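First up is the structure itself, then whatever we jot down about it.
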Amino acid sequence: MPIFYQLRQENNPKSVNVGKWYAKAKCLGYWDLEKIADHIQENVSAKKSDVIAVLRELVVVMREAFDAGYGVKLDGFGRFKVGLKTKAAESAKEFTAAKHIVGSRMNFQPEVHWTASDPARRKQFLNGLKVEEYGAYSVDKSGGGEEGGE
C-alpha cells in the first residue's frame, strides 16, 4: 500500500516559497496496541494477550532506559534517544539548565541498510516506499487553488 499525499500551497507571506505547491503526507489514522497485537499474532506462535503484555512491558523498560540516561536500540527497527530543546546562552558560564533547557523530545532513527554493491544508505521503513496522491480531496491543477478539504 502506498503513502498518500495531498498537495498544499504555501500561504505564509514570510516564506521564500509563498504561492508554491508541495506534497504533504496524509496519515490515514493510527494502529493502536490492539491492532498491532492482532497482526503480530497472525505471524507468530504467540497469543494476542501475550503480545500485548510484551509490548506494554517494552514501553516500561524503554522508559527505564531513558530515565537512566540510555538510548534504546531495537535490531531491525531503529534507535530511540531523548533530545533536549534549549535556548542559547551568551557563554558556557552563563548557561543554566533551569533557564536554557526549555523542553525535551524523543528522537527516532530507523535502522539503515547498505551493501558494498549499493552504498546508498536506505532507512528500514522507507526502503521501496511508494507514494500516491490521496483521492478524497481535490486540487484545481489548472492554476487555481485547493477545492476540497481533508
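The set of residues from the range 1-48 being over 30 Å from GLY135 (Cβ atoms), out of contact with any helix residue (DSSP H, G or I) (no Cβ under 6 Å at 6 or more places or on another chain), surrounded by 10 or more Cβ atoms within 10 Å (Cβ to Cβ) and among the charged types (D, E, K, R) comprises just one member, LYS47. Scanning the range 60-73 for residues that are open to solvent by 60 Å² or more (accessible area, probe 1.4 Å) and among the β-branched types (Val, Ile, Thr) yields VAL60, VAL61. From the list LYS130, LYS87, LYS141, the lone residue that is in contact with a helix residue (DSSP H, G or I) (Cβ under 8 Å, 6 or more places away or on another chain) and exposed (fewer than 11 other Cβ atoms within 10 Å of the Cβ) is LYS87.
Residue-level analysis places SER117 outside the set of residues that are part of a strand (DSSP E or B) and free of Cβ contacts under 8 Å to residues at least 24 places away in the same chain. Just so you know, in the range 97-127 the residues that are among the charged types (D, E, K, R) and under 24 Å from PHE77 (Cβ atoms) include one that is most open to solvent (accessible area, probe 1.4 Å), and it is ARG121.
Each row is one residue, and each column tells you yes or no for (1) more than 28 Å from ASN127 (Cα to Cα); (2) surrounded by 11 or more Cβ atoms within 10 Å (Cβ to Cβ).
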{"site": "ASP50", "(1), (2)": "yes, yes"}
{"site": "LEU58", "(1), (2)": "no, yes"}
{"site": "ASP75", "(1), (2)": "no, no"}
{"site": "ARG79", "(1), (2)": "no, yes"}
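The values are calculated or read from the model by the stated rules, or taken from the named source; none is laboratory data. The model shown is predicted, which means the values in this text are computed figures rather than measured ones. When we count neighbours, we look across all protein chains shown, and the Cβ atoms used for this are built from the backbone with ideal geometry, even at glycine. Protein only, heavy atoms only, side chains kept; ligands, DNA and RNA dropped before computing areas. Shrake-Rupley method; radii C 1.70, N 1.55, O 1.52, S 1.80 Å.
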